[in-house]
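Heads up, the thing below is written out as structure tokens.
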Amino acid sequence: MQFVERFIRHILNRSIKLLSWICFSVFTGGIVGVIGAIFAKALNMSIDFRMENKYILLFLPFGGLFIVFIYKLFKYSKDGGTNLVLESIHSDKEVPIKMTPLIFISTVITQIFGGSAGREGAALQIGGSIGNFLGKILKINVSDKKIFIMSGMSAGFSALFGTPIAAAIFSIEVVNIGTMQYSALVPCAISSLFASAVATRLGVAPERFFVDSNLDFSSNTAIITIIFACACAILSTIFCEVLKGSHKFFDYFFKNQYMKILVGSILIIFLTILLRSFEYSGTGIHLIELAIDGKAKSYDFMLKILFTSITLACGFKGGEIVPSFCVGATFGCLFGNLVGISPQLFASIGMVAVFCSVTNCPISSLLISLELFGLEFLPFYFLAISISYMLSGYYGLYKSQKFKYSKYGMREIDDK
């Protein structure tokens, strides 16, 4: 009789917990989905406006100065970005709700005037701050509040990019490399799926790419893929180091934030005029599409790294995720052209391999490949992601990311 009572009590407790997570996740997914849809449409409108008025780039310094002004106005000059969101999961740090309007406005400004930055980093910050805020007003315990933040991150990523499965896993995987908090799986999955559905219903089309290739997976193509994955791991390390070095350079030489963003803006304008090309402004989606079509230029990946590093280091807002996709895609197109084998396919492999290396999230990378490209070339993606993850070492975009287990053996590690 006691066994039956314990069993019934167990089922009731778990059912109540499940119901509470479902209610919260649907609520979070709905809110973040709506905000994400508004954010996506604002970004698309700003990008369209910039494409029709390309010389608005000349006003980039004014946009930069305004970003610094509004951050100082809200007394939030030391913006931790995505790193702050990750830190809040590791510790008791708060993710202030004012991050949402600030990152929203500043990312749109960055895109309007031609800064080179992504949008998913901003979505993670928006979702994380909303999740933290909801957890705070509901007065839940610290451990559950961390799950709220992860759930909000999943919803934000999913709403903007339209990859709900990858978004749900990414927020769990990116926090601690080597371990995953599966207790967050249900709320992250539900909020991600619901946010994606809401955003889609509100007119945000999910990103999808068609890879035009008839290349078969064989021993020869597997060897070529392994070589390419090794190159992607090296490239991702360079990307991360250039980003870090750029931040150190601007922080060392320009203590004043207004001067820092002004100099960075002028440098971006100068390089754009020198190259006579506006292709390196914005997120890089246009370059990704060219690469998937096999039409990217051989030096596109280097210039995208340069423009993105300057943009983010001098103080403009956005993320590094889509630029990392762009770097990988354009590099893959170059590699495919050099070896004479399907630059279209290698562009798609490069996207997920470099993304995996810079985020240290192999499962999320594999799921992104499935949601963006389908099942047809899964062995290529799987092999490249595995190799690039291992060889990229302990480099990454996020300094707040924790490495719990070694990439090279079954042992725990304390830090990088």
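The values are calculated or read from the model by the stated rules, or taken from the named source; none is laboratory data. These numbers were taken from a predicted model, which means no experiment stands behind them. So basically every Cβ, Gly included, is an ideal-geometry build from the backbone, and we count neighbours across all protein chains shown.
If you take the residues of the range 175-205 that are among the β-branched types (V, I, T) and out of contact with any helix residue (DSSP H, G or I) (no Cβ under 6 Å at 6 or more places or on another chain), which of them is modelled with the highest pLDDT? So the residue we want is T200. Of the candidates F249, F239, the single residue that is under 17 Å from G64 (Cβ atoms) and in the same structural domain as F331 (by TED's automatic domain parsing) is F249. Among the criteria (1) surrounded by fewer than 24 Cβ atoms within 10 Å (Cβ to Cβ); (2) touching a helix residue (DSSP H, G or I) at 6+ places or on another chain (Cβ under 7 Å); (3) not in a helix (DSSP H, G or I), the one A313 does not fulfil is (3). The residue list F249, F278, F253, F270 contains one member that is within 25 Å of the chain's Cα centre (by Cα), among the hydrophobic types (A, V, I, L, M, F, W, C), surrounded by fewer than 20 Cβ atoms within 10 Å (Cβ to Cβ) and over 30 Å from V339 (Cα atoms), which is F249. Just one of the numbered conditions (1) among the aliphatic types (A, V, I, L, M); (2) surrounded by 24 or more Cβ atoms within 10 Å (Cβ to Cβ); (3) modelled with pLDDT under 95 is not true of A329: (3). Can you report the number of residues in the range 347-363 which are hydrophobic (A, V, I, L, M, F, W, C) and either surrounded by fewer than 24 Cβ atoms within 10 Å (Cβ to Cβ) or in contact with a strand residue (DSSP E or B) (Cβ under 9 Å, 6 or more places away or on another chain) (or both)? Residues meeting the conditions: 2. Residue pairs whose Cβ atoms lie under 8 Å apart, separated by 6 or more positions or on different chains, with the first residue in the range 219-246 and in contact (Cβ under 8 Å) with a residue 60 or more places away in the chain and farther than 17 Å from F346 by Cβ and the second outside any helix (DSSP H, G or I) and of a type in the set (G, A, S), are T237/S392; T237/G393; C240/G396. Looking only at residues of the range 123-163 that are modelled with pLDDT of 90 or more and touching a Cys at 6+ places or on another chain (Cβ under 6 Å), we find that the one that is nearest to I89 (Cα to Cα) is S151. Summed over the range 282-316, the residues that are in contact with a Lys or Arg (Cβ under 8 Å, 6 or more places away or on another chain) and more than 23 Å from E241 (Cβ to Cβ) give a count of 1. Residues in the range 388-395 include at least one that is under 24 Å from F210 (Cα atoms) and either surrounded by 18 or more Cβ atoms within 10 Å (Cβ to Cβ) or under 17 Å from the mean Cα position of the chain (by Cα) (or both).
Looking only at residues in the range 18-58 that are more than 19 Å from F316 (Cα to Cα) and among the polar types (S, T, N, Q), the one that is surrounded by the most Cβ atoms within 10 Å (Cβ to Cβ) is T28. Selection over the range 214-225 of residues that are surrounded by 15 or more Cβ atoms within 10 Å (Cβ to Cβ) and either within 22 Å of the chain's Cα centre (by Cα) or of a type in the set (V, I, T) (or both) gives a count of 3. Only one of the listed residues (A167, A195) is surrounded by 15 or more Cβ atoms within 10 Å (Cβ to Cβ) and closer than 20 Å to F325 by Cα. That residue is A167. Which of the residues belonging to the range 232-252 are among the aliphatic types (A, V, I, L, M) and closer than 14 Å to M302 by Cα? Selection gives I234, L235, I238, V242, L243.
Restricting attention to the range 371-416, the residues that are more than 24 Å from N83 (Cβ to Cβ) and not in a helix (DSSP H, G or I) add up to 8.
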